[in-house]
Structures are given as structure tokens and as C-alpha cells.
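Before any comments, here is the structure.
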Amino acid sequence: MPITITIPTALRQFADGTSRIEVDAATAGEALDQLTSEHAELRRHLYDDKNALRSFVNIYVNDEDIRHQTGAATPLKDGDTLMIVPSIAGGSTAEADVSTELPSLSNEEIARYSRHLIMPEVGMEGQRKLKATSVLMIGTGGLGAPTGMYLAAAGIGRLGIVDFDVVDSSNLQRQIIHGTKDVGRRKVDSARDRLADINPHIEIETYETRLTSENALGLFANYDIIVDGTDNFPTRYLVNDACVLTGKPNVYASIFRFEGQASVFWAERGACYRCLYPEPPPPGLVPSCAEGGVLGVLPGIIGAIQANETIKIALGAQDILVNRLLLFDAWAMKFREFKLRKDPLCPVCGEKPSIKELIDYEQFCGMKPAHAHEETKLEEITATELKARLDRGEDIQIIDVREPNEYEIAKMPGTKLIPLGEVLNRMNEIDPSRETIFHCKGGVRSGKAIEALRGAAFPGRMVNLKGGITAWSNDVDPSVAKY
Amino acid sequence: MIELSEQNQSEVRAHGERDYPYECCGLLVGRFAENGVKACLEIYPISNAREEVAKRNRFLIRPEELMRGEKHAAARGLDVVGFYHSHPDHPAIPSGYDLEHAWPVYSYVVVAVKSGQAEDLRSWEMQADRSRFDEERIEEPVQI
């Protein structure tokens, strides 16, 4: 099959002065082999000592870089044009000059990272930068799982993991760093094993603790980049403020149901999380993934974006997600992007910051009252107490405020389903003359239902089932499925 | 030997000063004359594609940028005959990194920029066996 190869000006003297040469070949690699066997002088300029295409030699087949296709195996067909296009690079100091600052790579590492090394945007220097970089991951859940695995695979030299949790079977639908055999293990242990298996050339440090206002600054100080894989507002504000105070980039993401968002908050270069969200939403307004669900693959996509941005920061790339909020809708399969701007009045990264040290984030997010007397008393009952009262034949009605699809998964006997959103409209279905127990999955939504009904002057006695149906399954009837 | 006018040399110097402390880069557009002589008729500045932290000691002209430059040259019946770049706070001598990444035949003009002030400007051509750079004479073009 005749293929036309165009030769750049600089190399024409090694190809008998011609600018176009015809060869017969089925792949780009074959075409180049033929060319360089006919014109041996060309080979030295196109291939390095290891017989790999030089990083600054670009081969285009019909205007498309073969690196974006299948490399040397890129198929050719009759009449295709193969162009050799140089990129021109250089610089004032030799590679050797940076060797004193950056760690070197062993031959094993060079083989492992070869797909990085052949790209000029990474190269030996970039790969050594990755090795010199340390990243602290907050959480090894849905987001932390893919992020950690890709960062380890990419050769980030030192990875820290903060998590206090234990692997539960409900994690496995999305937290792919943990396996079925790990259920019941500490997440930091399970994650460490998986990451060490992916890449034995990196250091892994684990912290089995909750991130708190007391330990955050000390932990962050030892790392270059912080990756936020948390699932709650208090920790998110804590990560943000600690990053601003220690001057570290915060690679942020959050996920819910089918939607995810990602950004890089880096106060030195742009907006921080507080510039975007100065105040947390009222507690309970934004449901957690445990309450609302999440598509298992979503954190995979969003976590991979976090890994991508982390690697770019380590390489010193320009177009990172600073001052940009990326929104992803997995159900519609759409990405959108918003511009962010640093808020000069931001209380933590603005011109006159009022927050100069870490605060109590639970309180800031309204998770616990600032003053005890402001708390409206919520009457509660445990699952075992409720069981005992039911066994005694007491006249109690039980209202389940979960969604119908949750009701389908697991239910308690003798309950009536009124989803939280319908509670006020269907108030007349609840008999105020009888004592009413409200329950949901974990006890949060049922508490809100009671508050809402109290606000609407519902006269009956209302009691919240502590720990919801989950506690019922744990303490009373294990045959009720947990989800 | 390369013919490079005083005017073009000062444009290269000015670009080096403008981009200091980063490296600047660009194309030399002109003609390959006989006996290996190159005539540069205009300079074509390119934005340095290297990432922020590496720009102090690295430059990169992407292939698509070069193709754009080649098209610009071809439209005038000219060729790309070489490249220029600056060495911020380093002498105008090609580095080992330059050699590893160089192409034969082209002229490599290097301008040293010390503390923001352009100084030495020299031109180099790599030997065909890639072993080293040889300095080449820079001459004022003959006015016709």
C-alpha cells in the first residue's frame, strides 16, 4: 500500500534532499522502519539509544498524532500521509543540573513509568517531580479509593491516608480500593495493602484518626498537596481552612446521587471553598450519600479527576482547576464549568481574614448547638426499648418517613410509610391521640419530621427511634436487611 | 553561517528581556541558501509551552505551533531555518539539554539575559552525528 511520508526541512539532507518519500506499510511503525532502513542517517535523529522514538519527534497520520491513536501500531491505509513533525525544546541547564534536587529513578521505575516518560509534558524530570511529591488524602472512601490508586500508580513518592472507619459491605459498591475480604478491617490497613500492591516503589503513611481542628495543621504541614475525599460539611470546612492556613492546595470534590463537583482551592492562586460557600447549609438540608444514595461509578469518575489535578499540580502544569468549578451529571452525562473568583472579603483567605486559627467546625455547621439551652428537646427511644414496649402490647403507632424504594429494601413490622416530604400534607393520617414513634434509616430524617410536625402544631406525643431501622436490625432483628 | 540583521537581533533580545525570568522562544524564518548559509528574514515569536515552574530553564515549541510557523513561512515562499531561545542568567552556550533535543541543519540562536538585561547573542548548529554544537557566524545581510 503506497503511503506518503513527508520529511521536515531539517532532515531532508538525510533523505537525498527529498521532501516526500513513498513506502509500502500497514502500520506507522512499519512505515518508519522502512524509511530508516532506506535512509539510515535518519534513524539517529528519530530514535534514541533505546530504540524509542525521541520524545520531541511527533508522527502524524493524516493530521492526527499517533500518540493519540495506537502509537507505532496505528494502522495505515492506501493513500495515507504520514508526517514527521518536530517539537523544538531546549533550555539553559542540562538534565544533570536538576538531579541534585529531585530523586532519581531506578531502571525498574523507568520501565514502570515508560508511558509517562515518553511524553514531553512529564518526561524524566516530571516523573522525578512526582516521586518528590507528597500527598495527604483525607478519607479512603468512594473518592479516596480511585484517587489513591491512581496516585500510587502514577508514582507519587509519599502518600498519607487519614481515615478512622472500618470497611463495611455497603462500601464495596463504590470503594474499589477495598475488597470483600477486607470487610471489618480498618480502612487504612486495607487501603495500604492495595496501594502497596499497585506500587511498591512509594511510601505509604497511615493515620487511623478523625481529622480534627487539633491534628489538621500538624498533619498538613508534612505534605505538599491535600486531597479532600470527605463526605460532610464540618470536615470540608476544616480541610479548607487548614489548607489556607498552611498554604497548601486543596484538591476538592463532592458527590451525591448522580452529581459530582470538583475544583482546586488554592488561596495563593485563587478562590478557596469559603469564597464559593461562605456558610454551610443548615444541617440536614443537604442529605448525605448514606441517606440519598450515590451511583457507585460516580466517585470513580470524580475521584479520577482529583487524581488528574493532583498529578498536574505536582508537575507544575498550568491549566489546573483553580478558580473553576467543574460539575458533572452522570445521569445526563454532561459536564459543566463555572468560573470562581477569590472573594476579597473571604473570612479565611480574604484581605482581612477574621479566621486565623482552626475553629469548632461541628458547631460552625450547626451540628451541635452553640449553647445547650437552645436545644429543643427531642424525645428518643432505643430499638430494644421499643421492642419491649411492643412485646408488652402497648398501643403505639410507628411512622416510617423514608422513601418508598427504601421501604422496599427493608421494613419494620406494623409501620406506616409517610415519606419526610409528605409528612405535613398527610398529618391527618397520624392519630394524635396515640403515642407515635418516628423512624428512618439512621434517625436524622425522623427527627426532622418531628420538628416539622411540632412546628405545624401537631398535638400528639412524638418519639424518635434512635439509630433508625439500622439500630433495629443491629439490636432487635438481624433478619431486617441493612443498607 | 546565518544572516541575521541587527534589527532582528534586537527583536530577539527584546523578547528575551520581556519574558525574563522565563525562557522565551521563537522561529527564524527565511531561506536555505547555498553552501549551508541560512538567511533569516524575520523572527516569529512563539509562546513558551512549558509549564510555569519549568519556564525558567526550559522552552518547548509544540508541533502544532511549528506547523503554524511553517505555514506562515510557506505563505511567503520561505522556510523555517532555525529557532531562538533565551538563557535567563546563563551564558549563550547550548546546554546538554539543548543538544539532546536539537535537530540538525537548523540554526539555534541563544541570547543570554542577565538580571533582565540581554547580553551575548550567539548562533549554533548541531553536528549531523549529534555529538556537539558548533558556533556559526552571524552576519548582517547584504543589502541589495
The convex hull of the Cα atoms of the protein assembly as shown, divided by residue count, gives a volume in Å³ per residue of 201
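Using R₀ = 51 Å, calculate the FRET efficiency as 1/(1 + (r/R₀)^6) where r is the Cβ-Cβ separation of A:Q318 and A:A388; round to 0.05. Walk me through the numbers on the way to the answer.
Values: r = 65 Å, r/R0 = 1.28.
About 0.20, to the nearest 0.05.
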Where the centre of each part is set by its Cα atoms, how far does segment A:307-350 sit from segment A:161-180, in angstrom?
26
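Under the rule of -39500 (n - 2.57) per DSSP H run of 4 or more residues, summed and divided by the residues of chain A, what mean residue ellipticity at 222 nm is obtained, to the nearest 500 deg cm²/dmol? Kindly include the intermediate steps, with their values, before the conclusion.
Numbers: 18 runs with 150 residues, N = 483.
It lands at -8500 deg cm²/dmol.
Kirkwood Rh over alpha-carbon pairs of segment A:235-391, then Stokes-Einstein at 37 °C and 0.692 mPa s: what D in µm² s⁻¹, rounded to an integer? Please list the in-between numbers first.
Details: Rh = 17.9 Å.
For the chosen part, D equals 183 µm²/s.
Listed highest first by mean packing, meaning other Cβ atoms within 10 Å per residue, what order do A:68-78, A:250-260 come in? Walk me through the numbers on the way to the answer.
Details: A:68-78: 14.0, A:250-260: 22.8.
Most protected by this proxy first, the peptides run A:250-260, A:68-78.
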Please determine, in degrees from 0 to 90 and to the nearest 10, the orientation of helix A:28-38 with respect to the longest principal axis defined by the Cα atoms of chain A, where the helix direction is its Cα long axis.
20
Using a Förster distance of 30 angstrom, determine the FRET efficiency expected from the C-beta separation of A:I118 and A:S19, and round it to 0.05.
0.65
Using R₀ = 51 Å, calculate the FRET efficiency as 1/(1 + (r/R₀)^6) where r is the Cβ-Cβ separation of A:Y483 and B:E135; round to 0.05.
0.10
Would you please give the residues with an amide H less than 5 Å from that of B:E119, counting only those at least 5 places away or on a separate chain, with H modeled from the backbone geometry?
B:A112, B:V113, B:K114
If you split all Cα-Cα distances of segment A:376-475 into 10 Å bins from zero, what percentages do you get per bin, shortest first?
16, 55, 27, 1
Along the Cα-to-Cβ line of A:W331, 7 Å from the Cα, sits a label point; which residues in segment A:377-411 have backbone N less than 16 Å from it?
A:403-406
Can you check what the Kirkwood hydrodynamic radius comes to for segment A:40-182, Cα pairs only, in Å to one decimal?
18.6
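For segment B:2-139, what is Rg from Cα atoms divided by 2.2 N^0.38 Å, rounded to two decimals?
Working: Rg = 13.8 Å, N = 138, 2.2 N^0.38 = 14.3 Å.
Cα-based Rg divided by the globular estimate yields 0.97.
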Using only Cα atoms and rounding to the nearest 10 degrees, what angle (0 to 90) does helix B:6-19 make with the longest principal axis of chain B?
20
Segment A:151-225, Kirkwood Rh and Cα Rg, ratio Rg/Rh at 0.98
Please give the helix A:144-154 orientation as an angle from the longest Cα principal axis of chain A, in degrees from 0 to 90, rounded to the nearest 10.
20
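Normalising by the residue count of chain A, find the relative contact order in percent from Cα pairs under 8 Å and 6+ residues apart. Before the final figure, lay out each step's value.
Numbers: 866 pairs, mean separation 45.1, N = 483.
Relative CO of chain A lands at 9 percent.
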With a ≥ b ≥ c from the Cα gyration tensor eigenvalues, square-rooted, and the rule rounded for a/c under 1.5, otherwise prolate when a/b > b/c and oblate otherwise, segment A:133-364 is rounded
Sequence-separation-based contact order of segment A:133-364, relative, with Cα cut under 8 Å and 6+ spacing, percent:
21
For segment A:449-465, 3J(HN,Hα) per residue [Karplus equation, 6.51 cos²θ - 1.76 cosθ + 1.60, θ = phi - 60°, Hz, x = Gly/Pro]
4, 5, 4, 4, 5, 4, x, 8, 6, 5, x, x, 7, 10, 10, 9, 7
Inter-label distance, nm, simple model (7 Å from Cα along the C-beta direction), A:K339/A:R67:
3.0
Amide H neighbours of A:E205 under 5 Å, at least 5 residues apart or on other chains, H built in the peptide plane: list them.
A:L159, A:G160, A:I161
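Sort segment A:6-83 into rounded, prolate or oblate with this rule: let a ≥ b ≥ c be the square roots of the eigenvalues of the Cα gyration tensor; rounded if a/c is under 1.5, and if a/c is not under 1.5, prolate when a/b is larger than b/c, oblate otherwise. Walk me through the numbers on the way to the answer.
Details: a/c = 1.56, a/b = 1.19, b/c = 1.31.
Judged from the Cα gyration tensor, segment A:6-83 comes out oblate (a/c at least 1.5, b/c at or above a/b).
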In whole Å, what is the distance between the alpha-carbon centres of segment A:140-157 and segment A:185-225?
11
What list of ³J(HN,Hα) values in whole Hz, one per residue of segment A:246-262 in order, does the Karplus curve 6.51 cos²θ - 1.76 cosθ + 1.60 (θ = phi - 60°) give from phi, with Gly and Pro shown as x?
9, x, 9, x, 10, 8, 9, 7, 8, 9, 7, 6, 10, 10, x, 9, 8
Here the gain from full extension of B:R18 to B:R31, 0.36 nm per residue of separation minus their alpha-carbon distance, amounts to 1.9 nm
Phi-derived 3J(HN,Hα) across segment B:63-80 with the Karplus relation (6.51, -1.76, 1.60, θ = phi - 60°), rounded Hz, x for Gly and Pro, is x, 5, 5, 5, 4, 4, x, 4, 5, 4, 5, 4, 4, 9, x, 10, 10, 7
Based only on other Cβ atoms within 10 Å, what is the fewest-to-most ordering of B:V113, B:V142, A:V167, B:V37?
B:V142, B:V37, A:V167, B:V113
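Any read-out appearing in this document is the output of simple, stated calculations on the displayed coordinates, not a laboratory observation. Please read these numbers as outputs of a predicted model, since none were measured by experiment. Positions of Cβ are backbone-derived with ideal geometry, glycine not excepted, and every protein chain shown enters the neighbour counts.
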